[in-house]
1. Starting from 0 in steps of 10 Å, tell me what percent of the Cα-Cα pairs of the range 107-154 lands in each bin.
2. On alpha-carbon atoms, Rg over Rh for the chain using Kirkwood Rh?
3. What figure in square angstrom, to the nearest 10, would you give for the accessible area of THR91 with a 1.4 Å probe?
4. Please report, in debye to the nearest 20, how large the charge dipole of the chain is about its Cα centre when each Lys and Arg carries +1 at its beta carbon and each Asp and Glu carries -1 there.
5. Given a 1.4 Å probe, how much area per residue of the chain is accessible, in Å²?
6. GNM, the chain, Cα, under 10 Å: largest mean-square fluctuation among TYR312, TYR288, TYR211?
7. Let me have the relative contact order for the range 170-216, percent, based on Cα pairs under 8 Å that are six or more residues apart.
8. Can you classify the range 62-181 as rounded, prolate or oblate using the Cα gyration tensor, where a ≥ b ≥ c are the square roots of its eigenvalues, rounded means a/c under 1.5, and otherwise it's prolate if a/b beats b/c and oblate if not?
Amino acid sequence: MIYFDNSATTPPAKEVIATITEYMATSFGNPSSRHRLGLEAEKIVTDARKKVATTLSVSPDEIYFTSGGTESDNIAILGAANIKKGKKIITTSVEHPAVLRCMDYLESQGFNVVRVKPQKDGTVKFTDIADEITPDTVLVSIMHVNNETGAVMPIEKIGGILKRIAPRALFHVDAVQSFGHIPVKPAAWGIDLLSISSHKIHGPKGVGALYIKKGTSLKPSVFGGGQEKNIRSGTENVGGIAGFGKACELIDLADNVKVAEIKEYLKENLLKIDGTVHNGGSANESPYVLNISFGKIRSEIMLNALSNEEIYVSSGSACASGSHGSHVLDEMEVPLPDSAIRFSLSRYNTLEEAQTVVEKVTEIAKNLRV
């Protein structure tokens, strides 16, 4: 098996599996309980919170655990919009559905939502975002790395100008595809709210976190027992949170060098196939994502042919259940969106796997064009 669909989810690291198994077997108490088992569970959550915070170079009390990236996005966007005075919100047209659906809802509630379009390479120009910021802006929500193309957005520039023009506005970043892969610096970049997810960094599914800069107020959207300082009520997933902490411990940005070499090999050799197009091509692109269109060969046909060879890739976002096509590629106005395949990598992939993938894709493309 060759797994090149890591933007959808990553295989959990063996150390993560061992950590989760241990804690679920021996420390199954409720962190809100005041007996020994409860206090043990609370300590596990506290330790994991420190590990996540260390990875982001922020304070542990700025980290709030959630069920994943989608919930983190929802809590941040809806919570920010509903507590600020003003109606203007700025985002992009290539955001993850977790952000776009929030924006659709807020628009139905009377907010003025501006969706900035990308350039041909998938990135959004900083000046296009900056030009939209006005004193009545209450929220800017921009993803760091696009989940379909790997395009890296100019996040590090936005916070400063936002605070100068609209000092009371909040800056939210969906960093689900960048966290653990490329540098993420919320404090240095003027970010107020940042969403991350465990299962994109070889941790378990069903666990994520929201960074909330100290002093930032949010209106909660989940009510209950007051866990996570009333921001996200509900009994904590202790085993999953412990696994998330372990996954953070295993992050090593030096892996980017090897991953970048694999991506470059894939790109160089796949583009030798007649009719192929690289969807993206920004000079600032994540080494973990490559999006290629294969001429007149429809995505689902290539995907199924590769699946038969036990090679797993994607035809777009795995988080838009039941959807057809790619809103990201449509917004980029790429020439062959219906034949696009996303190859997304992890630190566990090898050059030998990439060589096999190139061989199989070339063979499949040749046979399908006969």
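1. Cα pair-distance distribution for the range 107-154, in percent: 23, 50, 26, 2.
2. Over the Cα atoms of the chain, Rg/Rh equals 0.98.
3. Its heavy atoms expose roughly 0 Å² to the probe.
4. So the dipole magnitude of the chain works out to roughly 1140 debye.
5. Heavy-atom accessible area per residue stands at 42 Å².
6. TYR312
7. 36 percent
8. Rounded, since a/c falls under 1.5.
The values are calculated or read from the model by the stated rules, or taken from the named source; none is laboratory data. Please read all numbers here as calculations on a predicted model, not as lab measurements. Neighbour counts are summed over all protein chains in view; Cβ atoms, including those assigned to glycine, are modelled from backbone coordinates with ideal geometry. All accessible areas refer to the heavy atoms of the entire protein, side chains included, with ligands and DNA or RNA removed. Shrake-Rupley method; radii C 1.70, N 1.55, O 1.52, S 1.80 Å.
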